[in-house]
Each structure stands twice: as structure tokens, then as C-alpha cells.
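What follows is calculated from the coordinates using simple rules that are stated; it is not laboratory data. What you see is a predicted model; the values in this text were computed from it and never measured. So basically every Cβ, Gly included, is an ideal-geometry build from the backbone, and we count neighbours across all protein chains shown.
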Amino acid sequence: MSARIAAPRGTFDILPEQAAQRDLVERTARELLEPAGYARIETPAFEATELFERGVGESTDIVQKEMYSFDDGGGRSLTLRPEGTAPVCRAYVEHGMHKLPAPVRLYYLGPFFRAERPQAGRYREFWQVGAEALGSDDPAVDVELIVLLHELLTRLGVPARLRLASLANAQTRAAYREELAAYLHAHEPELAENVRSRIDLNPLRAFDSDDPGTQQVMAAAPRLIDRLDPDDAEHFVQVRGLLELAGVAHEVDPALVRGLDYYTRTVFEFTSETLGAQSGVGGGGRYDGLVELLGGPRTPGIGWAAGIERIILASDLTPPTALQPDVYIAHEDRRTAAFQLLLDLRAAGLRAEMELAGRSLKGQLKHAERLGARHVAIVEPDGVRLRDRESGAERMLSAEAVLDHVLAP
Ligand code: HAM
């Protein structure tokens, strides 16, 4: 026997019982997003590496160490998509979607790839459902999207806490980064080594540290939320007001750090205690500069993505039980007649299965019981013996009459 080959670390198979659960998540997302005007878009599983370097940001963990990049054979670097926002904006520009009436509302559902250290809730290939709205900076769009994600999690039984912040605009943030970097340099001896070494690369990540010394320094650090210019501050006030109107509870978290560089103004994250260390079940924010950064016209945008696996881990979804066959067709060496009956019953829309594993007649009847088949049709030389499995009632019928009897109420 040859040695077995296992699935790569951090990946998983979706087995039939799990597929039913995922189907429920996907259906719920579609039923929620489509009536709200979101249309499905799917982008390729791999893109030019430059899209993520430019879009997600050179200093992010994703670009620095989590991308699966490879040569396309012609000297061009491609990358398995680690996230969906940069690709959607790339498609928006490529297809001239700025000419469509704004906002352009899009959603997607598919696999994403990050070379992270695998653990519960963190995989190297995982699925996201995401939604993006491009072309409007109205705070009502921010809240529309947050409400949709909140509703999705609620419908799926995922208790989650909403944290909210504003990351201002690029200029304010650049000035703030300098202020924060100067503050961190002034406290270098108290900081963890991995924070100290990244002060100039990405000082904001210091808020993420679980090192107690760093946390103490960060508690007194200057906060971006206190540095918003009047327009951004007003935008944030309006977002909060509309969230209140929508009845979605939130807390402002000035230390909310998102792992992507494209964000401006509103950022948010839903976290679920039940998930342990990987508590982020879904998150997103506004990215008013991203389309322009990717060569398109100046276009505001906002969106979110939620992890399908994390939703399932945090939810109380019971997978729907497998559907039982209407008819199980049993036979002894009468394959042709049995197969013809199978075709006829399926053509009429019935769930029918036939014996295919060489069981004895006794074994077939047992198997029909295991499947929970409503009827067993035993193909015999002079007709079909149709048995109602529950009542045990039996009758001999012509093959043509089986369908009518099964369909009869
Ligand atoms: P993100 O926070 O990086 O945002 O990912 C969104 C969600 O994807 C997370 O909350 C988590 O549920 C799931 N996720 C991320 N990485 C993994 C992983 N390794 N294993 C399992 N699940 C994971 C984005 O990707 C942005 N594109 C969201 C966005 C859309 N912002 C604006 N528009």
C-alpha cells in the first residue's frame, strides 16, 4: 500500500454534513444582502502580487509574511488572494463601474489564503462572505453595512460585540503616526522588543501587543480618535447616531487596530467571546482612498468581511438532517429494469436510490431502513412489489404504476 497523503496544515475538507451548515450560512447571507441591493461579484483566486502590496499595504503582516506568492512562469509575481477588498476595487476600476449609479453595492463569498500559524479558528485557506459599497461617503452607508453584518450574525445565532473607531483621513493619520512614534521612542525601555523594532514601520500595532509593559505605555498613549479633524469627527458622530437609531449597540474602542492599511474614517469589528483567541468574527471599514490608489477615480468605499468558519464555530447552528429517499429500489440481478425505474422516478422529481453495492435482498431491505426511505420498490420478474416502509403494506404493481402510487397523498 502506498503512503497516505494528508491535506496541508491549516486547510480542511468540507465534508457533506459541514457543507449543509455552510450552505445555511451562505443562503442566509444571500437572503439578507440581495434585497438590500448587493449583487454578487467574484474575483479570481489569484491576482498580481502588486495589487496587495499597494492595496493592503507593505507594512502589514499580511503583505510582510502571510502571502502565498509564486511566479507565473513568465517572471510575474502572482499571489493567492489574502482578502477581497483590493480585488473588488481592482475589478471596479477595470470594468469602469464608477459609471454606474452610486453607490455600487457588491458581495462575495469564497476562499481566501493567508500563511498564518494554524490554530482553532485560524486557517491557511478560509472562506469569507464580504460586502462592499463604493461611491458614497454618506454615514448612512457605513451604518447600512454594519447593520447588515449585525443582522447576519443575529440570524445565525452568533452573539457578538461591536467595537467601533474612526481612523481619520490619510493626512491626520500620518501626523498622528509621527506623534505616536515619538511617544513610543520616548518610552522604548518599557516596550516589548517586537514593538520597539516596529515603531517606525507601524507604530499603531503597539496597541495590539499583549505585553504588560507595552500595554501600560499604550494606556497613556495619544489617541487618534482625539485628533480627528472637524469633518471626520462629524462623520463619526453621525455614524454613531444612526447606529443608535438602528438599535445596534456598540462601544467606541480607540485602540481598535485593523490589519490592513487602506482604512480611513469608520472601522469596526464584531468579536465573539466563544471563539477564544481568534475572537474576530467579522470586520471592516471605510477605504476612501483605495480606488484612487489602484488607478481609478477618487471614490469613497466601505465594506466588511466575515469568516464563514468562525461564524460556524461561534454559532449554535444545527445542520439540517440529510433528506430521506422517497423510494429505495431493491432488486436481485434485475439491474436494467431497476435502473429504468430509477430514471423515471427521478425524472418525476422524486428522491430515488437503487441498489448498487451487491447486497442480498435482506441486506437491501436493511439498507433502505437505514436510509429512512419512505417506500421500498422491489423489482421482481413480473412487476414491482411496492412496500410502504412505515405501515408495511405491500402491493404488486406494474413499473408504470409505481410513480402514481408514490405520488398519491
Ligand atoms: P479581516 O479582518 O482581515 O478583513 O478578515 C475578515 C474576517 O475573515 C475576520 O474577521 C475573520 O473572521 C476571517 N479571517 C481572517 N483571517 C482568517 C484566517 N486565517 N482563518 C479563518 N478566518 C479568517 C478583511 O479581510 C477585509 N477585506 C474586510 C473588509 C471588507 N474591509 C473593508 N471591506
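Semi-axes of the equivalent ellipsoid for segment 250-409, please: Cα gyration tensor eigenvalues, times 5, square-rooted, ordered largest first, whole Å.
Working from the Cα gyration tensor, I get semi-axes of 59, 19, 13 Å.
Work out the length of the dipole vector of segment 327-407 about its Cα centre, built from +1 on the beta-carbon of each Lys and Arg and -1 on the beta-carbon of each Asp and Glu, and round it to the nearest 20 debye.
320
Can you tell me the dipole magnitude for the chain around its Cα centre, using point charges on the Cβ only (Lys, Arg +1; Asp, Glu -1), in Debye to the nearest 20?
It works out to roughly 1080 debye.
What is the dipole size for segment 262-409, taken about its Cα centre, with +1 at each Lys and Arg Cβ and -1 at each Asp and Glu Cβ, in debye to the nearest 20?
Computed charge dipole of segment 262-409: roughly 180 debye.
Give me the number: length gained by fully extending ASP71 to LEU201, i.e. 0.36 nm times residue separation minus the C-alpha to C-alpha distance, one decimal in nm.
44.1 nm
Which residue, TYR68, ILE41, MET1, has the largest displacement toward the positive end of the dipole of segment 1-142 when charges sit on each Cβ (Lys, Arg +1; Asp, Glu -1)?
The listed residue farthest towards the positive side: MET1.
Got a sec? Charge dipole of the chain, +1 on Cβ for Lys and Arg, -1 for Asp and Glu; which of LEU156, ALA377, ILE311 is way out at the positive end?
Of the candidates, ALA377 comes out farthest on the positive side.
For LYS366, go through the aspartates and glutamates and keep the ones whose alpha-carbon is under 19 Å away, minus same-chain ones fewer than eight residues off.
ASP326, GLU332, ASP333, GLU353, GLU355, GLU380, ASP388, GLU390, GLU394
Can you tell me the length gained on complete extension of the stretch LEU293 to ALA39, counting 0.36 nm per residue apart and subtracting the Cα distance?
89.1 nm
Given the options PHE12, PHE339, PHE207, which has the most mean-square fluctuation in a GNM of the chain, springs set between C-alpha atoms less than 10 angstrom apart?
PHE339
What residue among LEU24, LEU313, LEU365 has the largest mean-square fluctuation in a Gaussian network model of the chain, using Cα springs under 10 Å?
It is LEU365.
Only helices at least 30 Å long along their own axis, judged from Cα atoms, and with Kyte-Doolittle mean hydropathy of -1.0 or greater: name those in the chain from DSSP H.
For the chain, where a helix must reach 30 Å along its axis and average at least -1.0, there are no hits.
Where Lys and Arg each count +1 and Asp and Glu each count -1, what net charge lies around ALA36 among other residues with Cβ under 9 Å from its Cβ?
-1
Nearest 5 percent is fine: what portion of the DSSP beta bridges confined to segment 310-409 is antiparallel?
55
At q = 0.19 Å⁻¹, what is the base-10 log of I(q)/I(0) for segment 1-154 according to the Debye formula with one equal point scatterer per Cα and no solvent? Please give it to two decimals.
-1.34
Springs between alpha-carbon pairs under 10 angstrom, Gaussian network model over the chain: which of PRO87, PRO203, PRO189 fluctuates most?
Top of the fluctuation ranking is PRO189.
Using the Kirkwood radius over Cα pairs, work out the Stokes-Einstein diffusion coefficient for segment 327-407 at 25 °C and 0.890 mPa s, in µm²/s as a whole number.
So the translational diffusion coefficient is about 200 µm²/s.
Quick one: Karplus J couplings for segment 55-68, per residue in order, coefficients 6.51, -1.76, 1.60, θ = phi - 60°, nearest Hz, x for Gly and Pro?
After applying 6.51 cos²θ - 1.76 cosθ + 1.60, I find x, 7, x, 4, 8, 6, 4, 4, 6, 5, 9, 10, 8, 8 Hz.
Going by amide H atoms built from the backbone, whose H comes under 5 Å of the H on GLY110, apart from near neighbours?
GLN128
So what's the back-of-envelope 222 nm ellipticity for the chain, counting only DSSP H runs of four-plus at -39500 (n - 2.57) apiece and dividing by all residues, rounded to 500?
Computed mean residue ellipticity for the chain: -10500 deg cm²/dmol.
Using only alpha carbon positions, build the gyration tensor of the chain, then give the equivalent ellipsoid semi-axes as the square roots of 5 times its eigenvalues, largest first, whole angstrom.
Its equivalent ellipsoid spans semi-axes of 54, 23, 21 Å.
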